[in-house]
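S.K.: Sending over a structure as structure tokens; questions will come in a sec.
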Amino acid sequence: MQLLNTIVAGLKEIWSHKARSLLTMLGIVLGVASLVGMSALIKGMENGMKESMVAMGGADKVLIREEDVPADQEHLADQAPGRTMYDVITLKQSAPLVRVVSPEMRVDAVVSRGDKATWPGECVGVWPAVLDMNLHTLAHGRFFSDIDEEEARAVCVIGTGIRDELFGSPEEAGREIIPLGEIIQIRGQPFTIVGMLTHYESEEERREREARAKAPQQQQAGPQRQRGWGRRNWAFWRKNNTVYMPLNTAYIRFRAAGDRDGIPDWRLSDIDIKVHDLSILEPALQQARNVMMVTHRGIEDFTFQTQENNLDQINAQIRNTRISGGTIAGISLLVGGIGIMNIMLASINERIREIGIRKAVGASAFAIFSQVLVESLAIALLGAAMGVGASYGMVKILESITPTGNAPVITPLALIVAVIFSAAVGVIAGLFPGFKAARLNPIEALRYE
Amino acid sequence: MALVELRNVSKIYHLGGEEIRALDDVTLDIDEGEFISIIGPSGSGKSTLMHILGCLDSPSHGSIRLDGTMIQSANARELAAIRNRKIGFVFQFFNLLPKLNVAQNVELPMVYSGISGRERHQRAMAALEQVGMANRSQHRPSQLSGGQQQRAAIARALVNNPRIIFADEPTGNLDTHTGEAILELFRQLSSEGRTIVLVTHDPEIAAVTPRRIEIRDGKIAEKLDLTLAGLSPRGGRVPHEVHDQEPGA
Ligand SMILES: Nc1ncnc2c1ncn2[C@@H]1O[C@H](COP(=O)(O)OP(=O)(O)O)[C@@H](O)[C@H]1O
Ligand SMILES: [Mg+2]
């Protein structure tokens, strides 16, 4: 009851000095806004990364990358075998902790049909294991059979992005387009489409597409589709612009006839593996490494790139954002706190007589102290409320300039933390003025003009 | 047992090495229900005495018992509570809070004794009724005349039903006519059984009270200077008062 009165009195006091209180709050407003804005940015980044990571195959996908041989094996560099099917088959047979092995042989090729042509995001020869590896879903038709592989048949499975480019998108046509059985040219060679993958999109893209579907009139003239640049999520774009063919097909049709030097190149462009469980990642990678050290005759021309490495990079980026945002927020809150303390000191100087009167009628030092503290807390919390409002505005602005995949997201935790911080600033800033007011001698205070 | 018992109380200020005895060995009893004036020239120590009696200040030496409690040993929190529940103050400059209306000003002491909002309002209105200010409860102090402000201040002093009311020059800032009305109000409150201590430098005002204590240079005067008062004493207590002051006390 008494506290309520104190709060009401404090709010009245703030209200009676609107402009002054507002200026005082600015530091807190800025501090809270940057705190909440920063964490919203980070959250957005994390969301985008997570989506992209899933789009690229999930957290348990490990890339076996080509690597320069270590310095002490420099003299063996020209004998480095590179990654070959030998590795793949041996890994499958001798590394039981590895669940999936997916070899890839990249083909640099333009894909065309009639007068339409496009560069696919990736055009690779694969095993069916690639579906599991890259978390693909086959929406139409079939994937490659053993016979396709064995006979190196000219068949391919495409993503919806390729379909859109070569056959037109269903959005424009107003009907579903499933080009199964159609022939397309891959580097001039005819391939039959036997399957099409599902359409991949980020949450944000899905929402946008649905919004567009609701208001179809608003289509603008001119080029309607955005390419892989700008606001689109690159990982999803690439996944949709996939062209897969059987691994053997890629080798026989694009590599066996010889490379620049006329020598067939049987090296794979990628080997991806997945382990049974992330908890055994370490031993599984050790096992895979041991196997490959045998197949590579001890020449260590490969390395394992886990998503953890990716995560490290992401985390470093997040840490940087956190540090810069946190610094701005910290400085703003500090300045805000000093402002509040200053204003509270000024306020009690103006109210020395009032404090004397209150003490004369029986206010304890604690009652005076808590009144000052509540006032200072109220200023801080009002500032925090405005800061939260400002951060919503800021996030709206940021949303329109950051890639959709990374759209900033305000989390309740960030709000709570920001409010707690401002409350702490308010309390700390009120301590000294509060003590000062509480210690005033009532007689001198009453005599004060 | 007297309501207030002051025993050998001194208040000494040190100003640049110089010792100022604002109160010098004062011994004094005030009984329940008394209407008493403390009179003396400016700077004689009246306000200092009132502050000590009113628990706003503590003495340098001596002991004070108020309503059975020894207050020279009380800490600041206990003194605040005693001021809150047992003492009412009326000041020369009214000392109402300008941002609160009259009713809120009167409620102020009850805010610090933790009384609920409804009871506070009822009691504030009753006190305002008593001083004839009920119809001004929603006014700001700045919208009132001096006399009205002082009445509101008296209502504030009354509202927590204190054992004793101290008024320091309550008419000092009012014209004669209004001042008389305020004194009349005090007399009326006294007749209702309130214990009231009136501090003044004006013998005419002191003449209103049955008992007068004259103070000079921090000491209670040996003998009441009736010529200073310029009036014949009304109450029968003056000789007794003089008798009270033992030589050397
Ligand atoms: N805080 C103080 N510091 C020093 N001297 C003081 C203080 N308060 C009062 N005095 C001195 O004590 C004496 C009595 O003061 P006061 O009680 O206010 O007199 P009165 O109310 O009778 O005019 C005066 O001489 C005054 O100067
Ligand atoms: Mg005085």
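S.K.: Kindly indicate whether any position in segment B:90-98 is of a type in the set (Phe, Trp, Tyr) and more than 27 Å from B:SER190 (Cβ to Cβ).
M.R.: The answer is no; no qualifying residue exists.
S.K.: Would you mind finding the one in B:GLU214, B:GLU180, B:GLU204 that is in contact (Cβ under 8 Å) with a residue 24 or more places away in the chain, charged (D, E, K, R) and more than 16 Å from ligand 1 (Cβ to nearest atom)?
M.R.: Just one listed residue meets the conditions, B:GLU204.
S.K.: So, one more: What is the residue count in segment A:149-207 for residues that are closer than 28 Å to A:ARG255 by Cα, open to solvent by 50 Å² or more (accessible area, probe 1.4 Å) and outside any loop (DSSP other than H, G, I, E, B)?
M.R.: Going through segment A:149-207 one residue at a time, the tally reaches 5.
S.K.: Before we move on, is B:LYS86 charged (D, E, K, R) and more than 16 Å from ligand 2 (Cβ to nearest atom)? Working first, answer last.
M.R.: Details: charged (D, E, K, R): yes; more than 16 Å from ligand 2 (Cβ to nearest atom): yes.
Against the criterion (charged (D, E, K, R) and more than 16 Å from ligand 2 (Cβ to nearest atom)), B:LYS86 qualifies.
S.K.: A follow-up question, please. Among the residues of segment B:68-101, which ones are under 30 Å from B:LEU174 (Cβ atoms), open to solvent by 70 Å² or more (accessible area, probe 1.4 Å) and at the interface with chain A (Cβ under 8 Å from one of its Cβ atoms)?
M.R.: B:ARG85, B:LYS99
S.K.: Count, please, the residues in segment B:30-54 that happen to be closer than 12 Å to B:LEU6 by Cα and either more than 14 Å from chain A (Cβ to nearest Cβ) or more than 16 Å from ligand 2 (Cβ to nearest atom) (or both).
M.R.: 2
S.K.: A follow-up question, please. Of everything in segment B:119-168 that's among the charged types (D, E, K, R), crowded, with 21+ Cβ neighbours inside 10 Å and within 14 Å of chain A (Cβ to nearest Cβ), which residue is nearest to the chain's Cα centre (by Cα)?
M.R.: That would be B:ASP168.
S.K.: Residues in segment A:63-73: is at least one open to solvent by 50 Å² or more (accessible area, probe 1.4 Å), aliphatic (A, V, I, L, M) and without any contact (Cβ under 8 Å) to a residue 12 or more places away in the chain? Reasoning before the result, please.
M.R.: The initial filter retains those residues of segment A:63-73 that are open to solvent by 50 Å² or more (accessible area, probe 1.4 Å), namely A:65-68, A:71-72.
Adding the requirement that they be aliphatic (A, V, I, L, M) leaves A:71.
Then drop every residue that is not without any contact (Cβ under 8 Å) to a residue 12 or more places away in the chain, which leaves A:71.
Checked against the condition, which is being open to solvent by 50 Å² or more (accessible area, probe 1.4 Å), aliphatic (A, V, I, L, M) and without any contact (Cβ under 8 Å) to a residue 12 or more places away in the chain, segment A:63-73 yields at least one hit.
S.K.: While we're looking at this one, here's another question. For segment A:1-23, how many residues meet the condition of being in contact with an Asp or Glu (Cβ under 7 Å, 6 or more places away or on another chain) and more than 9 Å from chain B (Cβ to nearest Cβ)? Can you show your working first?
M.R.: First, the residues of segment A:1-23 that are in contact with an Asp or Glu (Cβ under 7 Å, 6 or more places away or on another chain): A:10, A:13-14.
If we keep only those that are more than 9 Å from chain B (Cβ to nearest Cβ) too, we end up with A:10, A:14.
Residues that pass the stated criteria total 2.
S.K.: Still on this structure, please answer the following. Within segment B:36-44, is there a residue that is under 18 Å from B:ILE82 (Cα atoms), within 16 Å of ligand 1 (Cβ to nearest atom) and open to solvent by 20 Å² or more (accessible area, probe 1.4 Å)?
M.R.: Looking for residues that are under 18 Å from B:ILE82 (Cα atoms), within 16 Å of ligand 1 (Cβ to nearest atom) and open to solvent by 20 Å² or more (accessible area, probe 1.4 Å), one finds none in segment B:36-44, hence no.
The values are calculated or read from the model by the stated rules, or taken from the named source; none is laboratory data. What you see is a predicted model, and the numbers here were worked out from it, not measured in a lab. Every residue, glycine among them, receives a Cβ derived from its backbone with ideal geometry; neighbour counts consider all protein chains shown. The accessibility values were calculated without ligands, DNA or RNA, using every heavy atom of the protein model including side chains. Shrake-Rupley method; radii C 1.70, N 1.55, O 1.52, S 1.80 Å.
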